[in-house]
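Undergrad: Please see the structure below; I have some questions.
FYI, it's all coordinate maths here, none of it is from the lab. Keep in mind that what you see is a predicted model, and the values were worked out from it rather than measured. Cβ: placed from backbone, ideal geometry, glycine included. Neighbour counts: every protein chain shown.
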C-alpha cells in the first residue's frame, strides 16, 4: 500500500473528540494517519479558527456565527467533552513535524484576510513545507498564489464535477493539487495517471471504505481523506479477503 491516509477534520468519529479540535488532530496522528485535514474560517476579529460550518449549531447546538463572533466568544462555547474551537495556531502546534497538514479555507467574507491569516499561522509554526492549502474557491487560491507562490495549493471539487473537468480546472489555475470527490475518481480509472502526467497530486475525499481505498491505491491516487484514519489504516494493513467460490 502506497496511498497516504489523511484524517478528515482530524477525525470524524462519534466515539472520539469533536471534529477539527486539537484532540481530534492528535488522535488521528497518534492512530496512524500520515497527515490531517482541517477546515479554516475567520472570526470577526481576524483570528483563523478550525471549524467546518459557518456556525456552531451542528457541533454545539448554538447559533453562534463564526464571521460575526470574536474568538473570545467562540472559545467560550463548550463543545462535547469540554473541548473548544481551536485557533489554527493551536492546530499547527499539535500537527507540526508529525505529517502532512492540509488546510481547507472556507471563504465566508474576506478571502484575502483569510488567506493572510492562514499563511501567517503556517509561517509562525514553521510548517509551510509540510502544508497544503486547499479551497473550493478559486479566488482565494489565486490570492495565495500571489502571496506565497511556493506554498502547495489544491483545488477542492465536489461530486457534481467530473474528475476530468476537475483536473482541467486545477491545471488551468496553476495548482499543484486536486482534492476530488471519491465518487468522481472511482468513475474515471484513468484520472490518477492523467494527474501524474500533469504533475498534479490527486487526493480523494471522503474515503471511508477499505475496498474503495484499495482501488484508489491501485489506480495511483496519492492520498485518501477519511473520517476514521485509524480504522482505515488497520483495515488496509490486513490482507484483502479472497473472493467467494
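Undergrad: In whole Å, what is the distance between the alpha-carbon centres of segment 69-95 and segment 26-64?
TA: 8 Å
Undergrad: Please find, in a Gaussian network model of the chain (springs between Cα atoms separated by less than 10 Å), the residue of 149, 162, 229 whose mean-square fluctuation is greatest.
TA: 149
Undergrad: Do the sum for the chain: with -39,500 (n - 2.57) for every DSSP H run of n ≥ 4, divided by all residues, what is the mean residue ellipticity at 222 nm, to the nearest 500 deg cm²/dmol? Intermediate values should be presented prior to the final figure.
TA: On the way: 11 runs with 92 residues, N = 245.
When only DSSP H runs of four or more count, the value is -10500 deg cm²/dmol.
Undergrad: Using packing as a proxy for protection, rank 66-72, 37-43, 111-117 so that the peptide with the highest average count of other Cβ atoms within 10 Å comes first.
TA: Details: 66-72: 16.1, 37-43: 25.3, 111-117: 20.6.
Those peptides, ordered most packed to least, come out 37-43, 111-117, 66-72.
Undergrad: Place the peptides 192-201, 20-29 in order of packing, highest mean first, counting for every residue the other Cβ atoms within 10 Å and averaging per peptide. Don't skip to the end; give the middle numbers.
TA: Working: 192-201: 16.0, 20-29: 25.2.
The peptides rank, most packed first, as 20-29, 192-201.
Undergrad: Between segment 210-228 and segment 110-172, how many Å separate their Cα centres?
TA: 22 Å
Undergrad: Please work out whether the chain counts as rounded, prolate or oblate from its C-alpha gyration tensor, where a ≥ b ≥ c are the square roots of the eigenvalues and a/c under 1.5 means rounded, while otherwise a/b larger than b/c means prolate and anything else oblate? Numbers along the way, then the final one.
TA: Numbers: a/c = 1.88, a/b = 1.28, b/c = 1.46.
Note, shape of the chain comes out oblate.
Undergrad: Can you tell me the length gained on complete extension of the stretch residue 160 to residue 62, counting 0.36 nm per residue apart and subtracting the Cα distance? Display every interim value, and only then the final one.
TA: Values: separation 98, 0.36 × 98 = 35.28 nm, distance 3.07 nm.
Extra length available between residue 160 and residue 62 comes to 32.2 nm.
Undergrad: Would you kindly state how much longer the chain becomes between residue 206 and residue 168 on full extension, computed as 0.36 nm times their sequence separation minus their alpha carbon distance, in nm to one decimal? Before the final figure, lay out each step's value.
TA: Details: separation 38, 0.36 × 38 = 13.68 nm, distance 2.09 nm.
Gain in length upon complete extension: 11.6 nm.
Undergrad: Counting only DSSP beta bridges with both residues in the chain, what percent are antiparallel, rounded to the nearest 5?
TA: On the way: 5 of 37 bridges.
Around 15 percent antiparallel, to the nearest 5.
Undergrad: Using only the Cα atoms of segment 119-240, build the gyration tensor, take square roots of its eigenvalues as a ≥ b ≥ c, and label the shape rounded, prolate or oblate: rounded if a/c is under 1.5, else prolate if a/b is larger than b/c, else oblate.
TA: On the way: a/c = 2.22, a/b = 1.39, b/c = 1.60.
It is oblate, given that a/c is not under 1.5 and a/b is not larger than b/c.
Undergrad: Hey, fewest Cβ within 10 Å first, where do 205, 61, 13 land in order?
TA: Details: 205 24, 61 10, 13 21.
Ascending number of Cβ neighbours within 10 Å: 61, 13, 205.
Undergrad: Still on this structure, I have one more. Contour minus end-to-end for residue 113 and residue 234, with contour as 0.36 nm per residue of separation and end-to-end as the Cα-Cα distance? Numbers along the way, then the final one.
TA: On the way: separation 121, 0.36 × 121 = 43.56 nm, distance 3.98 nm.
Result: 39.6 nm gained on full extension.
Undergrad: Label segment 1-140 by shape, choosing from rounded, prolate and oblate, from the square roots a ≥ b ≥ c of the eigenvalues of the Cα gyration tensor; if a/c is under 1.5 it is rounded, and otherwise prolate applies when a/b is larger than b/c, oblate when it is not. Please list the in-between numbers first.
TA: On the way: a/c = 1.73, a/b = 1.16, b/c = 1.50.
In terms of gyration-tensor shape, oblate.
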